[in-house]
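Single-structure report; data block below.
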């Protein structure tokens, strides 16, 4: 299985390490030609504004949006969730805009406010959630499935084949979310 990992900025190597451990082949996505033949894609944590600008400059924005809209399984963590969101609170800028949610950036404060909590994720069970300058989802469209909440805030959603997480599963030793993502990818035909 060939999984693309957006490798413009952020925690892409950590996702690659887990996906490789689970038997996937990883393609670092830096230009449009890297999107060919993928079974799924990961949009990692990092700095969403920088990633959005680099998506535009690299020519990746439109073809990636098209693939995600067409159903390419997508796992988006932290900044990746912001890239997918149709609306970002207090901002007129959006990036891919394929996930019908409104997110609040840096909702949990500065890096010093980072924390870990053990919470339940629908379909996964108990999971160690690592939050670093994380967003959360303020609003969802009706057809977006809420997978997890922390202190009344939505931190995990699923919409079609898009999974958006506020936290960083790539920094955990728990492989359940990446295993689940790979099972979604296995159900899809290859994109060319």
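If one puts a single equal scatterer on every Cα of region 1-75 and applies the Debye formula without solvent, what log₁₀ I(q)/I(0) results at q = 0.19, 0.24 Å⁻¹? So the normalised log intensities work out to -0.72, -1.14. Residues 131, 167 in ascending order of nearby Cβ atoms (within 10 Å, fewest first): 131, 167. By the count of neighbouring beta-carbon atoms within 10 Å, fewest first, 101, 121, 146, 93 end up ordered 93, 146, 121, 101.
Choose one answer from 174, 151, 106: the residue with the largest mean-square fluctuation in a GNM of the chain with alpha-carbon springs under 10 Å. So, out of 174, 151, 106, the one fluctuating most is 151.
In the chain, the calculated helix contribution to ellipticity at 222 nm averages -7000 deg cm²/dmol per residue, counting -39,500 (n - 2.57) for every DSSP H run with n ≥ 4. Under a Gaussian network description of the chain, with springs only between Cα atoms under 10 Å, the residue in 126, 58, 92 that fluctuates furthest is 92.
What is the projected area of the convex hull of the Cα atoms of region 30-128, averaged over all directions, in nm²?
On the way: hull surface 29.5 nm².
The Cα convex hull of region 30-128, projected and averaged over all directions, gives 7.4 nm².
Sorted largest first, the spans of the alpha carbon positions of region 111-187 along the three principal axes are 39, 31, 18 Å.
Among 134, 79, 148, the largest mean-square fluctuation in a Gaussian network model of the chain, built with springs joining Cα atoms closer than 10 Å, belongs to 148.
Can you sort 96, 60 so the residue with the fewest Cβ neighbours within 10 Å comes first?
Values: 96 26, 60 21.
By the 10 Å Cβ count, ascending, the order reads 60, 96.
Spatial offset of region 130-178 relative to region 59-100 amounts to 14 Å, using the alpha carbon center of each.
Coordinate-derived values only; no laboratory data. Since we're looking at a predicted model, the values are computed, not measured. Cβ sites come from the backbone with ideal geometry, for glycine too, and all protein chains shown count toward neighbours.
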